[in-house]
């Protein structure tokens with residue numbers, strides 16, 4: 001806990017913004033940040049829950065640029081740029097993922113695959129993403145190319161799998177847009193089923209290449225346990241899982257509820273969620289592909305409890321207004337952006353909701369990010 005680490009690309013890489021601190025210092029800084037944000041709401045966080053410090057990232061991605069004479073640069077973009085900082089190993093990454101990525105670079109040079117140039121619209125390899133099932137050991141490799149053209153891809157994958165038999169599926173993703181997004185919309189499975197499985201709190205989940213899944217599963221399990229505890233369900237409640245993604249937390253909560261409805265805009269995520277419910281034999285849950293706010297309004301839906309985990313930018317006023325009209329007794333708000341969470345909570349407070357308790361979790365050691373969970377209750381007047 002009192003140790004610091006060195007990295008040859010710190011701080012140029014921009015990934016480990018807190019690498020110059022001990023882990024205890026990081027936790028104190030994050031706790032102080034959360035408490036300052038919530039001070040006006042008269043909330044103080046319970047002691048922040050620490051994480052495994054190193055190699056916790058079960059999703060790792062790196063980018064490519066052509067260098068010279070068939071050589072490639074492979075690494076992370078410097079913050080706010082498209083300039084690559086070469087990275088061979090990272091203290092945060094799953095170690096097998098870094099080994100696989102290094103081999104992808106070596107094979108790309110061997111197969112004479114140039115990096116994709118997004119301005120010239122030429123070349124092949126753009127990014128690589130490796131997703132690892134923390135508890136299953138299954139490994140997915142996603143090779144992101146600028147176009148569908150990938151010469152020798154079967155031989156490329158065959159050699160990659162020969163060196164890493166742990167790989168259970170390999171996918172080509174096509175992304176030719178001028179964008180900072182890593183993945184495009186089109187996926188082609190080259191080897192394996194096109195997905196992997198992982199396990200969380202005794203349940204099994206299918207992860208498709210574009211599906212959201214927490215990159216630090218052990219810490220996510222602790223956070224989800226707390227959120228489900230705060231929901232306070234005893235078997236008779238109807239629960240709405242808003243922004244449900246692949247259904248993870250709703251499925252975990254379902255055994256304590258009469259009924260769960262998960263709402264998510266991403267169609268692929270909804271497909272995964274339905275599969276995950278079947279895998280775990282959860283029959284009192286259903287999933288809807290829709291905007292959560294619109295779903296509440298057009299169905300005149302009034303759940304007892306709402307679990308919400310919006311993106312870092314927070315919720316829209318349209319969703320929050322629909323939530324107020326739905327009038328759940330309790331709201332459990334999970335956030336990876338506590339600053340926007342505070343803004344949303346103030347909006348809900350004006351409509352008679354009172355924040356009750358605040359919990360903080362360190363899902364991303366050595367970075368400035370912190371995850372928070374807030375319980376709110378409707379104060380009847």
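Here are the numbers for this structure:
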{"quantity": "The stretch 57-74 - residue that is under 20 Å from the mean Cα position of the chain (by Cα) and in a strand (DSSP E or B) and, of those, surrounded by the most Cβ atoms within 10 Å (Cβ to Cβ)", "calculated": "62"}
{"quantity": "Residue satisfying all of: in the stretch 169-212; in contact with a helix residue (DSSP H, G or I) (Cβ under 7 Å, 6 or more places away or on another chain) and outside any strand (DSSP E or B); surrounded by the fewest Cβ atoms within 10 Å (Cβ to Cβ) among these", "calculated": "201"}
{"quantity": "Elements of type strands (runs of 3 or more DSSP E) contained in the stretch 246-353, each with 2 or more residues being under 19 Å from the mean Cα position of the chain (by Cα) and over 18 Å from residue 230 (Cα atoms)", "calculated": "259-264"}
{"quantity": "Residue count for the stretch 252-289, restricted to those that are in contact with a strand residue (DSSP E or B) (Cβ under 8 Å, 6 or more places away or on another chain), modelled with pLDDT under 95 and surrounded by fewer than 17 Cβ atoms within 10 Å (Cβ to Cβ)", "calculated": "2"}
{"quantity": "Any hit, the stretch 146-164, residues being in contact with a strand residue (DSSP E or B) (Cβ under 7 Å, 6 or more places away or on another chain), part of a loop (DSSP other than H, G, I, E, B) and within 23 Å of residue 214 (Cα to Cα)", "calculated": "no"}
{"quantity": "Residues that are assigned to a strand (DSSP E or B) and surrounded by fewer than 23 Cβ atoms within 10 Å (Cβ to Cβ), drawn from the stretch 129-138", "calculated": "129"}
{"quantity": "Search result, residues across the stretch 221-245 that are in a loop (DSSP other than H, G, I, E, B), without any contact (Cβ under 8 Å) to a residue 40 or more places away in the chain and closer than 18 Å to residue 376 by Cα", "calculated": "234"}
{"quantity": "Qualifying residue in the stretch 240-249 (condition: at positive phi, surrounded by 23 or more Cβ atoms within 10 Å (Cβ to Cβ) and in contact with a helix residue (DSSP H, G or I) (Cβ under 8 Å, 6 or more places away or on another chain))", "calculated": "yes"}
{"quantity": "Those residues of the stretch 87-120 which are touching a strand residue (DSSP E or B) at 6+ places or on another chain (Cβ under 9 Å) and farther than 23 Å from residue 174 by Cα, in sequence order", "calculated": "87, 88, 90, 92, 93, 94, 96"}
{"quantity": "Check on residue 375, in contact with a helix residue (DSSP H, G or I) (Cβ under 7 Å, 6 or more places away or on another chain), in contact (Cβ under 8 Å) with a residue 40 or more places away in the chain and either surrounded by fewer than 22 Cβ atoms within 10 Å (Cβ to Cβ) or not assigned by TED's automatic domain parsing to the domain that holds residue 243 (or both)", "calculated": "yes"}
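Every residue, every condition in (1) in contact with a helix residue (DSSP H, G or I) (Cβ under 7 Å, 6 or more places away or on another chain); (2) surrounded by fewer than 21 Cβ atoms within 10 Å (Cβ to Cβ); (3) part of a loop (DSSP other than H, G, I, E, B); (4) in contact (Cβ under 8 Å) with a residue 12 or more places away in the chain, yes or no:
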| residue | (1), (2), (3), (4) |
| --- | --- |
| 55 | yes, yes, yes, yes |
| 99 | no, yes, no, yes |
| 103 | yes, yes, no, yes |
| 107 | yes, yes, no, yes |
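So that you can scan it fast, the table gives a plain yes or no per residue for (1) assigned by TED's automatic domain parsing to the domain that holds residue 37; (2) crowded, with 22+ Cβ neighbours inside 10 Å; (3) touching a residue at least 24 places away in the same chain (Cβ under 8 Å):
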position: 330; (1), (2), (3): yes, no, yes
position: 350; (1), (2), (3): yes, no, no
position: 356; (1), (2), (3): yes, no, no
position: 359; (1), (2), (3): yes, yes, yes
position: 365; (1), (2), (3): yes, yes, yes
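Yes or no, residue by residue, for (1) assigned to a helix (DSSP H, G or I); (2) in contact (Cβ under 8 Å) with a residue 40 or more places away in the chain; (3) touching a helix residue (DSSP H, G or I) at 6+ places or on another chain (Cβ under 8 Å):
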residue: 4; (1), (2), (3): no, no, no
residue: 12; (1), (2), (3): no, yes, no
residue: 19; (1), (2), (3): no, yes, no
residue: 24; (1), (2), (3): yes, no, no
residue: 30; (1), (2), (3): yes, yes, no
residue: 36; (1), (2), (3): yes, no, no
residue: 39; (1), (2), (3): yes, no, no
residue: 46; (1), (2), (3): no, yes, no
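The values are calculated or read from the model by the stated rules, or taken from the named source; none is laboratory data. Because the structure is a prediction, the values reported are computed rather than measured. Here the Cβ is made from the backbone with ideal geometry for all residues, glycine too, and neighbour counts use every protein chain on show.
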